[in-house]
Each structure stands twice: as C-alpha cells, then as structure tokens.
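Chemist: Below: one structure in structure tokens.
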Amino acid sequence: MTVVGLRTWLELRGEPCIDLEVVAPRKKQICVSRSFGVVQTDIEGISEAVATYASLCAEKLRRQKSCAVSLLVFVHTGYLREENSHSYRNTLIHLPVPTNSSIEIVRYARMALERIFIKGYRYKKAGVIITEIVPESGIQLDLYDSVDREKHKKLMQVVDRLNSGFSCNKLILASQGTSTGWRLKMEKLSQHFTTDINQIIKVKCK
C-alpha cells in the first residue's frame, strides 16, 4: 500500500503520522474557467465572462494576501462541432506591477482577450489563469507607476466586505455586465436547503 497506505493504517490504529494543516498553504497558481451556457460569437459576451473570471481570481488573491505577477487568458471552441474548425488561443500578459486589484486584473484580462479573439468562431469556453503569484508584502513598485494603490486597496476591502457571506456579487465592476446568456446552465443544480430560506425542506405531518 506504499508509505501513504502504511501511514493511513497507523493513523487508524491511533498513531499520529500525518500532520494537519491548520492554515492552508498559499496557491501557486489560480485558475477560473467555465463553459458558456450558450455558444458565443461576439466579443461582448466573452468579455463579460472574462471580466467576471478575472475578478474572481483577484478575490482569491486578496484572500490569501498575494498578488499576481502575470496572467493568461484563453478561449476555445467546442471540440465536437463540425460546422467550423476548432480553435484554441491564449496569451500571457506580464503586469507592470504585481497586483490583486480587481480593477487592474480585469483591465489586463480584457486587453488579453482582444488580442486572441477572432470573429467568426463559435466559442464554448474561456478562462483566466494567474500564472505567477507573490506575497503582497514584498511588492517591487515601478518608478513610473501612476496607479493610486492605496486607494485601490481600500476600495477592494470595501468590495470584499460587501460581497462576503452567503449573498455574493452585491458589488461588481461595470465590465462584468448584467447579461446571463454566457453563464453556465445549472438546470441540475442541487438546492440550498441549509443556506436559502426559500429552499428549506417543508415536512407536513398529520
């Protein structure tokens, strides 16, 4: 059963062998990607999706007190469609200054999308990957950096505080849009019996 199996056996017999992680280690890479609910042919819908995914990446960075050094954006068509040729495109952008601000990360993600989008294809999926991550405590600033980073930091703290809890996305960037056509279909999604007052199970007794 290998060393892991032996340790598991010893653990079951009451002998501690595997240390518990009290604090989860920081992620070395963050990826948010989804398939579209409806095939997308225009950049507007894909841009809203990419902005949403980039914003989620930024939120995860702030949660672990890290910043992104670079990000990769990709789009691709469905693999089984015969009416058009398959396309997979991606591009990598190195950020001028490492950041975890949703405003900056979304801006660069949309810039990357504009580089790789080709009109005429039927895109099925897109995603954003933060490829390099550093602690936010050791950021090397650029001499010509004009971004008010203290203002961004305070704004992101307000956004995270408002979006925390069971009801998320109370406050989003305008570039994330309000349309739902590109969102993943969730027809078989399980109900939230323990977190949604409207979905609590009702039992009728006589």
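The values are calculated or read from the model by the stated rules, or taken from the named source; none is laboratory data. Just so it is clear, the structure is predicted and the values come from calculations on it, not from any experiment. A quick note on method: Cβ atoms are made from the backbone with ideal geometry, for glycine too, and the neighbour counts reach across all protein chains shown. Heads up: the accessible areas ignore ligands, DNA and RNA and are worked out on the full protein's heavy atoms, side chains in. Shrake-Rupley method; radii C 1.70, N 1.55, O 1.52, S 1.80 Å.
Chemist: Mind giving me the nanometre distance, one decimal, between the label points for E114 and S85, set 7 Å out from Cα along Cα→Cβ?
Modeler: For the pair E114/S85, the computed spacing is 2.6 nm.
Chemist: Read through the labelled values (i) 30, 21, 13; (ii) 35, 18, 13; (iii) 32, 27, 22 and report the label of the one computed as semi-axes √(5λ) of the Cα gyration tensor in Å from the structure.
Modeler: The listed entry that was calculated here is (iii).
Chemist: Also, quick follow-up: Using only DSSP helix segments of four residues or longer, with each worth -39500 (n - 2.57), what per-residue ellipticity at 222 nm results for the chain after dividing by its residue count and rounding to 500? The partial results should precede the final answer.
Modeler: Numbers: 4 runs with 62 residues, N = 206.
-10000 deg cm²/dmol, from helical runs alone.
Chemist: Once you keep just the Cα pairs under 8 angstrom separated by 6 or more residues, what percentage relative contact order results for the chain?
Modeler: On the way: 303 pairs, mean separation 58.4, N = 206.
Here the relative contact order equals 28 percent.
Chemist: Kindly point out which whole DSSP H helices in the chain project their C-alpha atoms 15 angstrom or further along the helix axis while averaging a Kyte-Doolittle hydropathy of -0.5 or above.
Modeler: Working: long enough: 2-12 (16 Å, 0.83); 43-63 (30 Å, 0.15); 102-116 (21 Å, 0.29); 149-163 (21 Å, -1.33).
The answer, listed by residue number, is 2-12, 43-63, 102-116.
Chemist: Strictly over 24 Å apart at the Cα level, which of K27/K170; K60/K154; K65/K170; K124/K154; K60/K202 would you flag in this model?
Modeler: Numbers: K27/K170 26 Å; K60/K154 16 Å; K65/K170 22 Å; K124/K154 36 Å; K60/K202 36 Å.
Over 24 Å apart, Cα to Cα: K27/K170; K124/K154; K60/K202.
Chemist: P(r) tail for the stretch 45-115, what percent of Cα pairs lie past 20 Å? Intermediate results must be reported in sequence, preceding the final value.
Modeler: Details: 844 of 2485 pairs.
Of all Cα-Cα distances in the stretch 45-115, 34 percent exceed 20 Å.
Chemist: Taking only protein heavy atoms into account and a 1.4 Å probe, give the accessible area per residue of the stretch 106-153 in Å².
Modeler: Numbers: 3140 Å² over 48 residues.
So the stretch 106-153 comes to 65 Å² accessible per residue, rounded to a whole number.
Chemist: Sort 33-46, 53-66, 149-162, 191-204 for me by packing, meaning the mean count of neighbouring Cβ atoms within 10 Å per residue, highest on top. Could the numbers behind the result be given before it?
Modeler: Details: 33-46: 16.5, 53-66: 20.9, 149-162: 13.5, 191-204: 8.4.
Result, highest mean Cβ count within 10 Å first: 53-66, 33-46, 149-162, 191-204.
Chemist: When the chain is fully extended, how far beyond the present Cα-Cα distance does Q29 get from R13, taking 0.36 nm per residue of separation?
Modeler: Working: separation 16, 0.36 × 16 = 5.76 nm, distance 3.63 nm.
Extra length from Q29 to R13 when fully extended: 2.1 nm.
Chemist: Give the dimensionless ratio obtained when the Cα radius of gyration of the stretch 94-137 is divided by 2.2 N^0.38 Å.
Modeler: The value comes to 1.40.
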